[in-house]
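> Following this message is one structure expressed as structure tokens.
The values are calculated or read from the model by the stated rules, or taken from the named source; none is laboratory data. Note that the coordinates shown come from a computational prediction; the quantities given were computed from them, not determined experimentally. Here the Cβ positions follow ideal geometry from the backbone for every residue, glycine too, while neighbour counts run over all protein chains shown. Heads up: the accessible areas ignore ligands, DNA and RNA and are worked out on the full protein's heavy atoms, side chains in. Shrake-Rupley method; radii C 1.70, N 1.55, O 1.52, S 1.80 Å.
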Amino acid sequence: MAATAYNSKSKLTRDLSISLFIYALPVLAIFLYFKLTNGVIAQSHIALPSFLEFIKPAFENIRTWGLTAFMVVLGIIEFTAGLYDDQWTGQERKVDIICFLAPKLLLPPVVAFFSLTALPYLIPNLANSLSWVPFWGGFFLIAVADDLTQYWYHRLHHQVPFLWRFHRTHHSAPYMGMAMASRQNFIYTVFFSQIYLTATLTFLGLGLPALFVLVIKSFITLGAHSSIAWDKPFYKYKVLHPIAWVLERLISTPATHHAHHADTSGDGVGHFKGNFGNMFFIWDIIFGTGLITRKFPKSYGMKSYKQEEWYAQFLWPIFKSKKEGSALAEGVLAVPLRQKVENTLPNPTYYEQIQS
């Protein structure tokens, strides 16, 4: 037991050290770039590359309403194809729709307050201080900082029992698709760490590269959650295997992310103990938390799922579940696993398996 704890602590220390090095890489690259160019800053360096100018309006529209439209259209395609197998019941619809709509109203004022009030107060003299950074330097910086931070945010919510209950809503859906892509507890959403990191980098003058990272990342993560297995042709045709090998190690694909949402890890396909990457799967490769099988789980969610009420899933711990045996019920102090009978406890508590 002591050896296991030591190994876990040692691995965590190693992974955090590697993370700090990765965080530093974009900064080092930008520093070397200016060393090689003798510190010359040209407008052409910090502006959007000319070959990307024509898609800038499209990216701006996608940020405002385009991604929502894309999700709705893709969701309609999924339903038309019958990919939910009649699992989108009334209770599940409530959870998915509320988790999709509420952040659209909840997050903008929070992020606006942070960007317009908190940051000018916290770092008053640093507005646009990084506006001299070349576009691709800023893109690299934000892509790494944003997604690596989200990897750790996600991983810790699986490995720390207390945090798990703020994330378990996302894993309660017994299906994959656009309907459940935004399914999260409101606290998990509001404290989404990389939102504030990206807002800070935008305040510092990296708004344009932040926009491009946001859009590209959104398409990748939505595609990974979709029930449309767009990556299957890459595994089926031998000529595409080299592309598949690179693709599945670089970004999240339906196969790798569906494995993360499986209801078991005992079949050699499901892997809720890893595959934490959001945009980039390479973090799982680096930290040894990835599993690539090119296969899809037979079922999703949690075997212990009690179909908790929408308000318990979205608003826990403000509102608790009334479902017996639920990890979100009143009085449950730890993550449920099994019925524990002790003479000193007249009311045994049910515990579910932590997704670690």
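> Scan region 213-247 for residues that are under 23 Å from residue 81 (Cβ atoms), open to solvent by less than 80 Å² (accessible area, probe 1.4 Å) and among the charged types (D, E, K, R) and jot them down.
Passing the criteria: only 231.
> Give the residue, chosen from 187, 243, that is closer than 26 Å to residue 64 by Cα and part of a helix (DSSP H, G or I).
Of the residues listed, the single one that is closer than 26 Å to residue 64 by Cα and part of a helix (DSSP H, G or I) is 187.
> Name the single residue, out of those in region 263-281 being more than 19 Å from residue 220 (Cβ to Cβ) and within 16 Å of the chain's Cα centre (by Cα), that is surrounded by the most Cβ atoms within 10 Å (Cβ to Cβ). Break it down stepwise before answering.
Within region 263-281, the subset more than 19 Å from residue 220 (Cβ to Cβ) is 263-270, 272-273.
Then keep just the ones that are within 16 Å of the chain's Cα centre (by Cα); that gives 272-273.
Working: 272: 23, 273: 15.
The extreme case among them is 272.
> Which one of 115, 131 is among the small types (Gly, Ala, Ser), assigned to a loop (DSSP other than H, G, I, E, B) and out of contact with any strand residue (DSSP E or B) (no Cβ under 8 Å at 6 or more places or on another chain)?
131
> Taking the options 255, 259, name whichever one is in contact with a Phe, Trp or Tyr (Cβ under 7 Å, 6 or more places away or on another chain), aliphatic (A, V, I, L, M), surrounded by 18 or more Cβ atoms within 10 Å (Cβ to Cβ) and not in a loop (DSSP other than H, G, I, E, B).
Answer to the check: 255.
> If residue 284 meets every condition in (1) acidic (Asp, Glu); (2) within 30 Å of residue 19 (Cβ to Cβ); (3) part of a loop (DSSP other than H, G, I, E, B) apart from one, which number is that one?
Every condition holds for residue 284 apart from (3).
> Being closer than 18 Å to residue 218 by Cβ, open to solvent by 20 Å² or more (accessible area, probe 1.4 Å) and not hydrophobic (A, V, I, L, M, F, W, C) is the filter here, so list the residues in region 130-183 that pass it.
Across region 130-183, the qualifying residues are 149, 153, 182.
> Turning to a different aspect of this structure: Starting from region 2-26, take each residue that is closer than 23 Å to residue 194 by Cβ and list its partners that are modelled with pLDDT under 80, counting only C-beta distances under 9 angstrom and pairs at least six apart or across chains.
none
> Same structure, new question: Here is a check on your reading of the model: is residue 82 farther than 26 Å from residue 214 by Cβ, at pLDDT below 75 and outside any helix (DSSP H, G or I)?
For residue 82, the condition - farther than 26 Å from residue 214 by Cβ, at pLDDT below 75 and outside any helix (DSSP H, G or I) - is not met.
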